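The block underneath contains the structure these notes are about, expressed in structure tokens.
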Amino acid sequence: MRVGVLGARGKVGREVCTAVSAADDLTLVAQVDVGDELEALVEAGAQVVVDFTHPDAVMENLRFCIDHGIHAVVGTTGFDQARLAQLEDWLDGSGVGVLVAPNFSVGAILTMRFAAEAARYYESVEIVELHHPDKADAPSGTARRTAELVARARAEAGLAVSPDATSTGLPGARGAEVDGVRVHAVRLRGLVAHQEVLLGGVGETLTIRHDSLDRVSFTPGVLLALRRITAAPGLTVGLEAFLD
Ligand SMILES: NC(=O)C1=CN([C@@H]2O[C@H](COP(=O)(O)OP(=O)(O)OC[C@H]3O[C@@H](n4cnc5c(N)ncnc54)[C@H](OP(=O)(O)O)[C@@H]3O)[C@@H](O)[C@H]2O)C=CC1
Ligand SMILES: O=C(O)C1=N[C@H](C(=O)O)C[C@H](O)C1
């Protein structure tokens with residue numbers, strides 16, 4: 001399969017290029033970054049594109065790919081319901097497959113699954129995500145998705161919002177709210193990508209923590225998605241859809 005990488009000179013894009021080049025069944029045919037033309041993907045005959053660029057750039061990139069019949073595996077964050085609906089509209093009847101995955105590491109996917117499983121048993125839950133300071137978006141795509149999954153599990157279990165008696169405080173001190181779940185974002189030099197889901201009940205707490213210590217943690221998931229996406233037309237959200 002002929003693969004193009006968008007954001008090829010970026011931190012994750014570089015690792016993806018290395019991993020695709022090393023795979024016997026994949027051929028890296030285009031490496032596109034800022035200043036390069038998207039047409040290079042078509043000229044190189046790319047069948048699938050991997051996008052690790054920027055939340056401000058990803059929608060235009062995907063519009064181009066869909067218009068040119070190129071499947072896409074998307075790691076770039078910044079997706080909300082409106083963006084996903086727009087993608088579904090563009091994809092309708094195109095036969096093209098697009099995967100949008102907030103996180104490609106197996107540990108992060110398991111963290112989300114475990115958090116959703118645990119959510120129904122605890123009165124309180126908050127999420128802390130910790131990343132390198134060069135990150136554009138806050139909270140992280142992974143934290144947003146985790147909060148959505150936790151909120152859905154709590155609603156299905158009939159739980160109310162987590163208790164919080166705060167009546168005075170500085171703006172931001174209690175984090176952002178995603179579907180009623182508090183999410184806190186830390187930016188610190190030295191970090192890569194980390195997340196804690198804190199759950200609390202009477203007399204006990206449970207902490208589910210995941211650490212990506214190196215960006216190679218994302219590449220096996222990207223390769224898996226590349227091998228599956230051509231058989232999955234339309235929009236898929238979350239790599240878990242492709243995991244056994
Ligand atoms: N889903 C997942 O598992 C993961 C997702 N991410 C997400 O992926 C994205 C990229 O992360 P990261 O690699 O750390 O970021 P980087 O800034 O290191 O890399 C992004 C690269 O894309 C380039 N770029 C920006 N706009 C365009 C464009 N329009 N066309 C082509 N290239 C472009 C940037 O160029 P320049 O620097 O000149 O702007 C840069 O080289 C982020 O949204 C991040 O949150 C990150 C890790 C894992
Ligand atoms: O920007 C990053 O680095 C990461 N972004 C993704 C996110 O926003 O969830 C995935 C991972 O956390 C690394």
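Hey, among the residues in the stretch 182-191 that are aliphatic (A, V, I, L, M) and either surrounded by 15 or more Cβ atoms within 10 Å (Cβ to Cβ) or not assigned by the TED database to the domain that holds Val125 (or both), which one's farthest from Ser124 (Cα to Cα)?
Leu191
Out of (1) β-branched (Val, Ile, Thr); (2) more than 14 Å from ligand 1 (Cβ to nearest atom); (3) touching a helix residue (DSSP H, G or I) at 6+ places or on another chain (Cβ under 6 Å), the odd one out for Val186 is which?
Checking Val186 against (1) β-branched (Val, Ile, Thr); (2) more than 14 Å from ligand 1 (Cβ to nearest atom); (3) touching a helix residue (DSSP H, G or I) at 6+ places or on another chain (Cβ under 6 Å), the one that fails is (3).
For the stretch 46-55, which residues satisfy the criterion of being within 14 Å of ligand 2 (Cβ to nearest atom) and assigned to a loop (DSSP other than H, G, I, E, B)?
Correct list: Phe52, Thr53, His54, Pro55.
In a helix (DSSP H, G or I) and more than 19 Å from Gln195 (Cβ to Cβ): is that true of Ala155 in this structure?
Yes.
If Thr142 satisfies every condition in (1) of a type in the set (S, T, N, Q); (2) away from ligand 2 (no atom under 13 Å from the Cβ); (3) surrounded by 13 or more Cβ atoms within 10 Å (Cβ to Cβ) but one, which is the exception?
(2)
Assuming Gln81 fulfils every condition listed in (1) within 16 Å of ligand 1 (Cβ to nearest atom); (2) under 18 Å from the mean Cα position of the chain (by Cα) apart from one, which condition is it?
If we test Gln81 against (1) within 16 Å of ligand 1 (Cβ to nearest atom); (2) under 18 Å from the mean Cα position of the chain (by Cα), just (1) comes out false.
Please pick out the residue among Arg83, Arg120 that is basic (Lys, Arg), in contact with a helix residue (DSSP H, G or I) (Cβ under 8 Å, 6 or more places away or on another chain) and not assigned by the TED database to the domain that holds Ala30.
Among Arg83, Arg120, only Arg120 is basic (Lys, Arg), in contact with a helix residue (DSSP H, G or I) (Cβ under 8 Å, 6 or more places away or on another chain) and not assigned by the TED database to the domain that holds Ala30.
Note down all Cβ pairs under 6 Å where the first residue falls in the stretch 180-199 and is in contact (Cβ under 8 Å) with a residue 40 or more places away in the chain, the second is of a type in the set (Ser, Thr, Tyr) and in a loop (DSSP other than H, G, I, E, B), and they're at least six residues apart or on different chains.
Between residues of the stretch 180-199 that are in contact (Cβ under 8 Å) with a residue 40 or more places away in the chain and residues that are of a type in the set (Ser, Thr, Tyr) and in a loop (DSSP other than H, G, I, E, B), the close pairs are Leu199/Tyr122.
Sort out which residues of the stretch 88-144 are away from ligand 1 (no atom under 16 Å from the Cβ), in a loop (DSSP other than H, G, I, E, B) and not aromatic (Phe, Trp, Tyr), and write them in order of number.
Scanning the stretch 88-144 gives Asp92, Gly93, Ser94, Gly95, Val96, Arg120, Glu123.
Considering only residues that are within 16 Å of ligand 2 (Cβ to nearest atom) and among the small types (Gly, Ala, Ser), look in the stretch 57-102 and name the one that is surrounded by the most Cβ atoms within 10 Å (Cβ to Cβ).
Filtering the stretch 57-102 for residues that are within 16 Å of ligand 2 (Cβ to nearest atom) and among the small types (Gly, Ala, Ser), the one surrounded by the most Cβ atoms within 10 Å (Cβ to Cβ) comes out as Ala101.
Which residues, counting only those in the stretch 112-127, are closer than 21 Å to Gly238 by Cβ and surrounded by 19 or more Cβ atoms within 10 Å (Cβ to Cβ)?
Of everything in the stretch 112-127, those that are closer than 21 Å to Gly238 by Cβ and surrounded by 19 or more Cβ atoms within 10 Å (Cβ to Cβ) turn out to be Met112, Ala115, Ala116, Ala119, Val125, Ile127.
With respect to Ala241, is the statement that it is within 30 Å of Asp92 (Cα to Cα), away from ligand 2 (no atom under 16 Å from the Cβ), exposed (fewer than 11 other Cβ atoms within 10 Å of the Cβ) and among the hydrophobic types (A, V, I, L, M, F, W, C) true?
no
Which ones in the stretch 167-181 are exposed (fewer than 13 other Cβ atoms within 10 Å of the Cβ) and assigned to a loop (DSSP other than H, G, I, E, B)?
Those that are exposed (fewer than 13 other Cβ atoms within 10 Å of the Cβ) and assigned to a loop (DSSP other than H, G, I, E, B): Ser167, Thr168, Gly169, Leu170, Pro171, Gly172, Ala173.
Mind checking which residues of the stretch 189-239 are out of contact with any strand residue (DSSP E or B) (no Cβ under 7 Å at 6 or more places or on another chain) and either in a strand (DSSP E or B) or modelled with pLDDT under 95 (or both)?
Hits for the stretch 189-239 are Gly201, Glu204.
Among the residues of the stretch 75-127 satisfying the criterion of being without any contact (Cβ under 8 Å) to a residue 60 or more places away in the chain and of a type in the set (Lys, Arg), which is farthest from Ala157 (Cα to Cα)?
Only one residue tops the list, namely Arg83.
Looking only at residues in the stretch 206-227 that are touching a residue at least 24 places away in the same chain (Cβ under 8 Å) and over 20 Å from Ser140 (Cα atoms), which one is farthest from ligand 1 (Cβ to nearest atom)?
For the stretch 206-227, the residue satisfying everything is Leu206.
The values are calculated or read from the model by the stated rules, or taken from the named source; none is laboratory data. Keep in mind it's a predicted model, so treat the numbers as computed, not measured. So basically every Cβ, Gly included, is an ideal-geometry build from the backbone, and we count neighbours across all protein chains shown.
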